[in-house]
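The values are calculated or read from the model by the stated rules, or taken from the named source; none is laboratory data. None of these values were measured; they are calculated from a predicted model. Counting neighbours? That spans all protein chains shown, and the Cβs are built from the backbone with ideal geometry, glycine included. With ligands, DNA and RNA removed, areas are computed over all heavy atoms of the protein, side chains included. Shrake-Rupley method; radii C 1.70, N 1.55, O 1.52, S 1.80 Å.
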Amino acid sequence: CNGNSKDTESFVKIPPLKFSKLFINGKFVDSVSGKTFETIDPRTGEAVARVSEGDKEDVDLAVKAARQAFDHGPWPRMSGSERGSIMMKFADLIEQNIEEIAALDTITAGKLFSHCKFIEVPVAARILRYYAGAADKIHGTVLKLAKGIQGHTLKEPIGVVGSIIPWNFPTLMFFTKAAPALAAGCTVVVKPAEQTPLSALYYAHLAHLAGIPEGVLNVVNGFGETAGAAISSHMDVDKVSFTGSTEVGRKIMAAAAASNLKPVSLELGGKSPLIIFEDADIDEAVNIAFNGIFYNKGEVCVASSRVYVQEGIYEKFEKKLVEKANAWIVGDPFDPQVNQGPQIDKKQFEKILSYIEHGKREGATLLTGGKPIGNKGFYIQPTIFSDVNEDMTIAKEEIFGPVMSLMKFKTMEEAIKRANNTAYGLAAGVITKNLNVANTVSRSIRAGFIWINCYCRFDLDCPYGGYKTSGFGRDFGLEALNQYVQIKSVITPIHDSPW
Ligand code: ADP
């Protein structure tokens, strides 16, 4: 682990900042209050930008523009294929600017630049194309009803969508919500996380260049309790799509219920189990478990934060995990050699360190890591606790950082029972050569996503969402379109018909 080694400029040229205002009704505008706030670089803890701070008045303006665009504008009225071709153009523009956008996500979220450049930003273009292709295939059904009546259903866009997104995947989350909503013919107000507004503003600019009409896609930077809360309680927002913590999800649902009873979809926290059986290839299992939690510095909703290892291979597994942790490089996320960048911000950094102290106090064995790195920025060593049990805080609560809890089990039945002993139900994994065991575990775990002999593998066509307090509603796949449409039944009598 090396902290900040070289000068970032030796890896990449960070472009000057182009967009820092709010994007409302097709234009970049200052906030009504004129206030701005700092964007912090987690590598240093210092400000790299100031952006306009949106509040209730700005959300009102953005929702007004989105309402107008929905009620009177061309977007919901044009054919699906016309919307699709504009979205395709939007995707092309993203691909022409990958490096610049990737640098914005790295500098604000501390994510590996290579990940942003080769995976997350290119995937944004693919998400747009996936839903662009679906835009002209959203249709209802013809119903042959009782004698003398004919019916059909229409799938109509739900209206003005509020999208409140987190900071761990700023680009992916933006398009996970916006792309299916746009394809369905909705208009959207996005509130990016306060830590990561920069790529969202860049996307607003590209959407405009691609020909998305004014008012259709708006971006209001700001804080959760002000701008976010204004969206969830707004009387003219028809749906809220949220990804973030369970705690905030509850607030959003309460605000939606107390205002206009808008439907919400909530993709929330997790404490996902990964169960490794004795027959597994041990090196492969170590790799899967390690990347399952330390990928993106543990800031992943589906992170495999609880790893259950069958007793026969437990000690060997521990040893190999520690070797891997020792070879893992923490440092500047622009450095191509680095595996793990800094945590998102000071608050999260301190929270993770306090969970580590809890783990030690509650009697778990600290196998490796546990300490911050360097004296600037928010770097933490990859940390592995052994001898953890489900009563410990580190096994119950979502840490959202590079901390693995390792646990020993004897039988499949025991592993299933303990894996399900959580308030969450986002994801789980099982590693075994025994197909019967894999299928039994995958049917028995109450979670929305199960990986067999892999972890964190995704495909755009695969619906994604939680059980229990991990939320409800599904992102990705054609399933996600259902979040952004209303189904209307239409009936007409057929007079004098024998049928
Ligand atoms: P995390 O724990 O990952 O930071 P949060 O759930 O705190 O996630 O934040 C996710 C998003 O929710 C951010 O855009 C944040 O600004 C927003 N948010 C936070 N509090 C509220 C709130 N009370 N109402 C609406 N949105 C909120």
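Residue-by-condition table, conditions (1) of a type in the set (A, V, I, L, M, F, W, C); (2) under 20 Å from Leu128 (Cα atoms); (3) touching a strand residue (DSSP E or B) at 6+ places or on another chain (Cβ under 8 Å):
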{"residue": "Leu22", "(1), (2), (3)": "yes, no, yes"}
{"residue": "Asn25", "(1), (2), (3)": "no, no, yes"}
{"residue": "Asp41", "(1), (2), (3)": "no, no, yes"}
{"residue": "Ala47", "(1), (2), (3)": "yes, no, yes"}
{"residue": "Cys116", "(1), (2), (3)": "yes, yes, no"}
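Listed residues Glu225, Glu247; which is open to solvent by 10 Å² or more (accessible area, probe 1.4 Å), near the ligand (Cβ under 10 Å from one of its atoms), more than 25 Å from Ala327 (Cβ to Cβ) and over 18 Å from the mean Cα position of the chain (by Cα)? Only one candidate passes the filter, namely Glu225. Filtering region 348-376 to residues that are surrounded by 18 or more Cβ atoms within 10 Å (Cβ to Cβ) and touching a Gly at 6+ places or on another chain (Cβ under 6 Å) leaves Ile352, Ile356, Ile373.
Of all the residues in region 111-156, those that are β-branched (Val, Ile, Thr) and assigned to a helix (DSSP H, G or I) number 4. Note on region 188-206: among residues that are of a type in the set (S, T, N, Q) and touching a strand residue (DSSP E or B) at 6+ places or on another chain (Cβ under 9 Å), the one that is least open to solvent (accessible area, probe 1.4 Å) is Thr196. Residue check: Phe349 meets all listed conditions (1) of a type in the set (Phe, Trp, Tyr); (2) assigned to a helix (DSSP H, G or I); (3) more than 16 Å from the ligand (Cβ to nearest atom) but one, namely (3). Do we find that Ala257 is closer than 21 Å to Asp60 by Cβ, within 8 Å of the ligand (Cβ to nearest atom) and among the hydrophobic types (A, V, I, L, M, F, W, C) in this structure? Against the criterion (closer than 21 Å to Asp60 by Cβ, within 8 Å of the ligand (Cβ to nearest atom) and among the hydrophobic types (A, V, I, L, M, F, W, C)), Ala257 does not qualify.
With respect to the conditions (1) more than 17 Å from the chain's Cα centre (by Cα); (2) modelled with pLDDT of 95 or more; (3) surrounded by fewer than 19 Cβ atoms within 10 Å (Cβ to Cβ), Ser497 lacks only one, and its number is (2). Restricted to region 397-412, and to residues there that are open to solvent by 10 Å² or more (accessible area, probe 1.4 Å) and farther than 14 Å from Gly312 by Cα, the residue that is nearest to the ligand (Cβ to nearest atom) is Phe400. Scanning region 360-388 for residues that are at pLDDT 95 or above and either of a type in the set (S, T, N, Q) or assigned to a helix (DSSP H, G or I) (or both) turns up Lys360, Arg361, Thr365, Thr368, Gln381, Thr383, Ser386. Residue count for region 143-180 satisfying the condition of being in contact (Cβ under 8 Å) with a residue 12 or more places away in the chain and more than 15 Å from the ligand (Cβ to nearest atom): 19.
State whether the residues of region 83-100 include one that is part of a helix (DSSP H, G or I) and in contact with an Asp or Glu (Cβ under 7 Å, 6 or more places away or on another chain). Taking every residue of region 83-100 in turn, at least one turns out to be part of a helix (DSSP H, G or I) and in contact with an Asp or Glu (Cβ under 7 Å, 6 or more places away or on another chain). Only residues that are surrounded by 18 or more Cβ atoms within 10 Å (Cβ to Cβ) and within 23 Å of Lys320 (Cα to Cα) were counted in region 380-392, giving 8.
The set of residues in region 325-347 being open to solvent by 20 Å² or more (accessible area, probe 1.4 Å), within 15 Å of Glu299 (Cβ to Cβ) and in contact with a Pro (Cβ under 9 Å, 6 or more places away or on another chain) consists of Asn339, Asp345, Lys346.
Would you confirm whether any residue within region 282-300 is within 16 Å of the ligand (Cβ to nearest atom) and buried (at least 24 other Cβ atoms within 10 Å of the Cβ)? Yes, there is a match, as at least one residue in region 282-300 is within 16 Å of the ligand (Cβ to nearest atom) and buried (at least 24 other Cβ atoms within 10 Å of the Cβ). Within region 250-288, the set of residues being more than 16 Å from the chain's Cα centre (by Cα) and among the basic types (Lys, Arg) comprises Arg250, Lys251, Lys262.
Please work out if Gly185 is within 11 Å of the ligand (Cβ to nearest atom) and open to solvent by less than 10 Å² (accessible area, probe 1.4 Å). So Gly185 does not fit the description; no. Only one of the listed residues (Val190, Val240, Val264, Val216) is over 30 Å from Ile399 (Cβ atoms) and more than 8 Å from the ligand (Cβ to nearest atom). That residue is Val216.
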